[in-house]
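A.B. asks: Quick one: the structure is below, and I'll ask about it shortly.
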Amino acid sequence: MTQDEMKRDAAWAALEFISKDSIVGVGTGSTVNHFIDALATIKDDIRGAVSSSEQSTAKLKQLGITVFDLNDISELSIYIDGADEINDQKQMIKGGGAALTREKIVAAVAGTFVCIVDSTKQVELLGRFPLPIEVIPMASSYVSRELEKLGAKPVLRQGVITDNGNQIIDAHGLQIIDPLALEQQLNNIVGVVTNGLFARRGADIVLVGSSSGTRVLK
Ligand code: 5RP
């Protein structure tokens, strides 16, 4: 089974968690693209979606799914999104697709976060995947110097501007022993908009696609 097939299996398994007449929070990435395809098959049973990126919004609309502005809804029962790495505590690194800020906002509002991954994303220790950090462009050099003080090797992601008009620094070489503390510490660097650690608001349920089927971790 290929990695993409494992992603697709996990994504389709998420349909089980969608309630009738609900608004569904939708993340970003290749795994979520499979989920959007799945969601389109039940589009007449849901009210619509809230999206975490321009990329997902375009795909949702193309498949005839209504996209709501987050500010126009008072509650969101569920959020479905992928991850770049996830540990046993359901804490994640996200932002490989540069959509981390909107993803973190939608995840914060949602009652339940269902993370859909293939089994290659499961790790004991977060940090082998470079940690994405969204920064205000004029602060990118300063933030990079601050990251070096924390032992990271910061690399500005070339040619990428986020949906919010900012830049992404990928912090390489971090061994993330205390994800909660690091998430907070990075947020305190002036110029950082969001970092890709999802520890304070981790996932509630993880669907792990593997060659032996999709496992549900609660
Ligand atoms: C985008 C993300 C994605 O969830 C993450 O990069 C996983 O992507 P994929 O499903 O393509 O492996 O955080 O910002």
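A.B. asks: Could you size up the charge dipole of segment 54-102 around its Cα centre, putting +1 on the beta carbon of Lys and Arg and -1 on that of Asp and Glu, and report it in debye to the nearest 20?
C.D. replies: So the dipole magnitude of segment 54-102 works out to roughly 140 debye.
A.B. asks: Leaving ligands, DNA and RNA out of it, work out the accessible area of Tyr142 with a 1.4 Å probe and give it in Å² to the nearest 10.
C.D. replies: 90
A.B. asks: Let me ask you something else. Taking every DSSP beta bridge that has both residues in segment 1-159, what percent is antiparallel when rounded to the nearest 5?
C.D. replies: Close to 10 percent.
A.B. asks: Then there's this: Just going by the charge dipole of segment 140-197, with Lys and Arg at +1 and Asp and Glu at -1 on Cβ, which of Asn195, Gln184, Val160 is farthest out on the positive end?
C.D. replies: Of the candidates, Val160 comes out farthest on the positive side.
A.B. asks: Restricting to Cα pairs below 8 Å that are 6+ residues apart, what does the relative contact order work out to for the chain? Please round to a whole percent.
C.D. replies: 23 percent.
A.B. asks: Just read off the accessible area of Ser74 with the full protein assembly in place, 1.4 Å probe, to the nearest 10 Å².
C.D. replies: We get 120 Å² for Ser74.
A.B. asks: Can you return the aspartates and glutamates within cross-link range of Lys104? Criterion is Cα-Cα under 18 Å, with same-chain partners fewer than 8 residues away left out.
C.D. replies: Output for Lys104: Glu54, Asp69, Asp72, Glu75, Asp81, Asp84, Glu85, Glu134, Asp163, Asp170, Glu183, Asp204.
A.B. asks: What dipole magnitude, in Debye to the nearest 20, does segment 1-140 give about its Cα centre under +1 on Lys/Arg Cβ and -1 on Asp/Glu Cβ?
C.D. replies: Value, rounded to 20: 160 debye.
A.B. asks: On to the next question. Grab the DSSP H runs of the chain that are 4 residues or longer, score each as -39,500 (n - 2.57), total them, divide by all residues and round the 222 nm result to the nearest 500 deg cm²/dmol.
C.D. replies: -8000 deg cm²/dmol
The values are calculated or read from the model by the stated rules, or taken from the named source; none is laboratory data. Every value quoted in this text rests on a predicted model; they were computed, and no experiment measured them. Please note: Cβ atoms are built from the backbone with ideal geometry, for glycine as well, and neighbour counts cover all protein chains shown. Please note that ligands, DNA and RNA were not included when accessible areas were found on the heavy atoms of the full protein model with its side chains. Shrake-Rupley method; radii C 1.70, N 1.55, O 1.52, S 1.80 Å.
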